[in-house]
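The structure appears right after this line, and notes come after that.
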Amino acid sequence: QVQLVESGGGLVQAGGSLRLSCAASSSSFSINAMGWYRQAPGKQRELVATIRSAGRTDYGDSAKGRFSISRRNAKNTVYLQMASLKPEDTAVYYCYADWLGPRVWGQGTQVTVSS
């Protein structure tokens, strides 16, 4: 089984930066893509960024140019560096991992951007 532990959320002022981390508990299974979704109150969950084991990245429109995803494959850890944060970035951010079994989700970490 794979479990994810997220960290790094919090409160930040508009224009500030935050870095989220997500570590997969199991190194026994090969993990393919990892990434982040977010969900704001009253809105659908949306893709923020994803990174595959070979390093290819994809970003949601809201993240392009401001967020950067990276990964340490040896530790099955993914990072989301967020810059130039806006109040509309306020949401719960969920890490996910794709492996041989069903997609696994983290518990979510709150990011709040004040204006």
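The values are calculated or read from the model by the stated rules, or taken from the named source; none is laboratory data. Everything numeric in this text was worked out from a predicted model, so none of it was measured. Glycine also receives a Cβ, built like all others from the backbone with ideal geometry; neighbour counts cover every protein chain displayed. All accessible areas refer to the heavy atoms of the entire protein, side chains included, with ligands and DNA or RNA removed. Shrake-Rupley method; radii C 1.70, N 1.55, O 1.52, S 1.80 Å.
Remarks
- Stokes-Einstein diffusion coefficient of the chain, Kirkwood radius over Cα pairs, 37 °C, 0.692 mPa s, in µm²/s: 234 µm²/s
- Rounded, prolate or oblate (a/c below 1.5 giving rounded, otherwise prolate when a/b exceeds b/c) for the stretch 2-63 by Cα gyration tensor: prolate
- In this Cβ point-charge picture (+1 for Lys and Arg, -1 for Asp and Glu), the chain has a dipole of about 220 debye about its Cα centre.
- Gained length - L11 relative to K64, 0.36 nm times residue gap less alpha-carbon distance: 16.9 nm
- Each residue, S25 and A40, gets one label point 7 Å from its Cα in the Cβ direction; the gap between the two is 3.3 nm.
- The stretch 11-115, relative contact order in percent, only Cα pairs under 8 angstrom and at least six apart counted: 36 percent
- Over the stretch 61-115, relative contact order from alpha-carbon pairs under 8 Å, at least 6 apart, %: 28 percent
- The stretch 1-72, accessible area per residue, ligands and nucleic acids excluded (1.4 Å, Å²): 56 Å²
- On the stretch 1-102, 47 percent of the accessible area sits on carbon and sulfur atoms, based on a 1.4 Å probe.
- Three-way shape call for the stretch 74-114 based on the alpha-carbon gyration tensor, with the a/c threshold at 1.5: prolate
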